[in-house]
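The next block holds one structure in the form of structure tokens; read it before the comments.
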There are 2 protein chains.
Amino acid sequence: MNAEEIRQSLEGRGLRCTPQRYAVMAFLMESNRHPTAAEIFEGVNHMDPRSSRATTYNNLRDLVQAGLVREVAVEGRAARFDAKGMRHHHFICDRCGNVEDIEWYNVPRPASKSIGKRVLRECEVIFRGLCTKCAPRHATR
Amino acid sequence: MNAEEIRQSLEGRGLRCTPQRYAVMAFLMESNRHPTAAEIFEGVNHMDPRSSRATTYNNLRDLVQAGLVREVAVEGRAARFDAKGMRHHHFICDRCGNVEDIEWYNVPRPASKSIGKRVLRECEVIFRGLCTKCAPRHATR
DNA sequence: ATATCAGATTAGATTCATTCTAAATTATTC
DNA sequence: GAATAATTTAGAATGAATCTAATCTGATAT
């Protein structure tokens, strides 16, 4: 997604494409990691020192509500964010807490009796274990 | 798990079975919901008004480290907790944010090339959609 | 080009969630 | 009962996120 696509996706959802909002979106789209709001603010503020922490939070909230960004479900104090591009699962390292993308694949749905009358929209898998940095060299699998 | 089992599981992990710690553990074990630390503190403090918020937080941290309690991966500001009993998946409602247990079933592991050299310990599924309270009466499935 | 309006930004204050601190208490062991 | 170490306490402190009122800025109309 390039600059024009970002603009179109923002305006298509009734959001103005301000430099600050664009910067948040661009930061997330080129980030493979799942940054916290503070990390996003630091990255955005590095390029434009006048930009405000509250603006970054406001923009994140608006982008999540607009469906362009998602908050990643992870444990820990700070929320983490992800631009909604290709769907993917997540891998969370038990040791260092790092969150990585894992290629999407459809998981089988659970038995109907488990789901009951709920309306299922998505099944996301959270994998846990040790990431490549934290795994021992000769891992048994 | 009854009182004696709680005591044994605490002491088996080098933790004293204090009334406050027992109360946190018991609260989580009889709670089907996934309470926040504040909700746990309120419940525990209701029964023993002298108990301290810091104690509840300290005990939650110790219980998580001891492997008796787990922090549930959800979005939002406050962490949520779950006693580790039977393994289960979670369902998060898009509308009300409620977190419910879904019976465990093993999901197929992803392709080896997706996982690479990571060491996989667990695959938890997060289901999202509308819970039974929020779903329309005649839901299409 | 100017005026108007509504969305957005700003900077610091405020709130919420969680952790820290030092003193006191309590459970365990001898 | 004494000693020791774990734990609790109550409030302070910190980190994360939100609020506020004033100001700025982009879009639109003229």
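Tabulated data
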| quantity | calculated |
| --- | --- |
| Rule-of-thumb Rg ratio for region B:88-129 [Cα; 2.2 N^0.38 Å; N residues] | 1.44 |
| Per-residue average of Cβ from other chains inside 10 Å of A:102-115 | 5 |
| Per-residue mean of C-beta atoms belonging to partner chains within 10 Å, peptide A:90-101 | 2 |
| Per-copy distances of the A:Asp48 label point, shortest first, in nm (7 angstrom along Cα→Cβ) | 5.3 |
| In sequence order, calculated HN-Hα J values of region B:106-118 (Karplus, 6.51, -1.76, 1.60; Hz; x Gly/Pro) | 6, 8, x, 6, x, 4, 4, 6, 5, 7, x, 8, 6 |
| Nonlocal Lys pairs with alpha-carbon distance under 28 Å, the protein assembly as shown (8 or more apart, or different chains) | 14 |
| Virtual spin-label span in nm between B:Met47 and A:Glu122, 7 Å along Cα→Cβ | 3.7 |
| A:Lys113-A:Asn58 FRET efficiency (beta carbon distance; Förster radius 35 Å; 0.05 resolution) | 0.25 |
| Principal axis dimensions, largest first and in whole angstrom, of the protein assembly as shown by Cα | 64, 53, 42 |
| At 7 Å out from Cα toward Cβ: B:Lys133 inter-copy label distances (nm, ascending) | 4.1 |
| Candidates A:Arg109, A:Arg121, A:Arg13, ranked by Gaussian network fluctuation over chain A, Cα under 10 Å, top entry | A:Arg121 |
| Three-way shape call for region B:1-42 based on the alpha-carbon gyration tensor, with the a/c threshold at 1.5 | prolate |
| Dipole magnitude of region B:88-129, debye to nearest 20 (Cβ charges: Lys/Arg +1, Asp/Glu -1, about Cα centre) | 440 |
| Between helix B:53-65 and chain B: long-axis angle, C-alpha atoms, 0 to 90°, nearest 10 | 60 |
| Chain B - mean residue ellipticity at 222 nm from DSSP helices (-39,500 (n - 2.57) per run, n ≥ 4, rounded to 500) | -10000 deg cm²/dmol |
| Net dipole in debye of chain B [+1 Lys, Arg Cβ; -1 Asp, Glu Cβ; about Cα centre; nearest 20] | 580 |
| Peptide-level mean, for B:65-73, of C-beta atoms on other protein chains within 10 Å | 2 |
| Electrostatic dipole magnitude of region A:3-83 [Cβ: Lys, Arg +1; Asp, Glu -1; Cα centre; debye, to 20] | 240 |
| Where GluC sites (Glu not before Pro) fall in DSSP loop in region B:12-80, at most 12 other Cβ within 10 Å | B:Glu30 |
| Label point 7 Å beyond Cα along the C-beta direction, distances from A:Ala3 to other copies (nm, shortest first) | 7.0 |
| Length-normalised contact order of region B:3-126 in % [C-alpha pairs under 8 Å, at least 6 apart] | 20 |
| Cα shape, chain B, gyration tensor, a/c 1.5 rule | oblate |
| Cα gyration tensor category, rounded, prolate or oblate, for region A:3-83 with a/c compared to 1.5 | oblate |
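Only the coordinates and a few stated rules stand behind these numbers; no lab work does. From a predicted model like this one, the values you see are computed outputs, not experimental measurements. We place every Cβ from the backbone using ideal geometry, glycine too, and count neighbours over all the protein chains shown.
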